[in-house]
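> One structure coming up, written as structure tokens, with questions to follow.
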Amino acid sequence: WLNWTSRLQKCVIQDNQGHGLFAQEHSRVRVEGSILQQNANSGITILENSVAFVEGCHCENNELDGICTAGDAVATLQNNRCCFNHGAGILLGDHVNSCHEGLG
């Protein structure tokens, strides 16, 4: 039902000097079955006024958080593995509407 601005499936995103995936404001991002690890910031960062669907991803060993949402981002997170990050596994910002299912 949603026109995604970005859709990633079965990607490996690792060893970057910044975020693995950084969705700027007003993004509509769908990420499925991907590995986002060993990045210098967060594995996935979703900024305010954005919509994200993240399913079946491994967000591990990042310098900050596995998955981070900011402001009023709307995120559906299900069946993700977010562990061994130096920050939070999943960090939710203020006024975030989220649904967590699966591994956390």
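The values are calculated or read from the model by the stated rules, or taken from the named source; none is laboratory data. As the structure is a computational prediction, the values presented were derived from the model and not from experiment. Neighbour counts are summed over all protein chains in view; Cβ atoms, including those assigned to glycine, are modelled from backbone coordinates with ideal geometry. Remember, those area values only see protein heavy atoms, side chains included, never the ligands or the DNA or RNA. Shrake-Rupley method; radii C 1.70, N 1.55, O 1.52, S 1.80 Å.
> Quick check, is Val54 closer than 12 Å to Arg81 by Cα and assigned to a strand (DSSP E or B)? First the steps, then the outcome.
Values: closer than 12 Å to Arg81 by Cα: yes; assigned to a strand (DSSP E or B): yes.
Taking the combined requirement at face value, the residue satisfies it.
> Of everything in the stretch 46-63, what is at pLDDT below 95 and either farther than 17 Å from Gln24 by Cα or among the charged types (D, E, K, R) (or both)? Give them in sequence order.
Within the stretch 46-63, just Glu48 meets the criteria.
> Being surrounded by 18 or more Cβ atoms within 10 Å (Cβ to Cβ), touching a Cys at 6+ places or on another chain (Cβ under 9 Å) and among the polar types (S, T, N, Q), is that true of even one residue in the stretch 22-35?
Looking for residues that are surrounded by 18 or more Cβ atoms within 10 Å (Cβ to Cβ), touching a Cys at 6+ places or on another chain (Cβ under 9 Å) and among the polar types (S, T, N, Q), one finds at least one in the stretch 22-35, hence yes.
> Let me ask something else about it. Could you pull out the residue among Asn41, Asn49, Asn62 that is open to solvent by less than 30 Å² (accessible area, probe 1.4 Å) and in a loop (DSSP other than H, G, I, E, B)?
On the way: Asn41 fails: open to solvent by less than 30 Å² (accessible area, probe 1.4 Å); Asn49 fails: open to solvent by less than 30 Å² (accessible area, probe 1.4 Å).
From the options Asn41, Asn49, Asn62, the qualifying one is Asn62.
> I'm told Asp72 meets every condition in (1) assigned to a loop (DSSP other than H, G, I, E, B); (2) modelled with pLDDT of 95 or more except one. Can you identify the failing condition by its number?
Only one criterion is unmet by Asp72, namely (2).
> One residue is enough: does the stretch 76-85 have a residue meeting the conditions out of contact with any Phe, Trp or Tyr (no Cβ under 9 Å at 6 or more places or on another chain) and either at pLDDT below 95 or of a type in the set (Val, Ile, Thr) (or both)?
no
> Gly18 - would you say it is small (Gly, Ala, Ser) and surrounded by fewer than 17 Cβ atoms within 10 Å (Cβ to Cβ)?
When the stated conditions are applied, Gly18 passes them.
> Just to verify a result, which residue in the stretch 75-84, among those that are touching a Cys at 6+ places or on another chain (Cβ under 6 Å) and assigned to a loop (DSSP other than H, G, I, E, B), is surrounded by the fewest Cβ atoms within 10 Å (Cβ to Cβ)?
Looking only at the stretch 75-84, we keep the residues that are touching a Cys at 6+ places or on another chain (Cβ under 6 Å), and these are 76, 80, 82.
In the following step, the residues that additionally are assigned to a loop (DSSP other than H, G, I, E, B) were identified as 80, 82.
Values: Asn80: 26, Cys82: 24.
My answer is Cys82.
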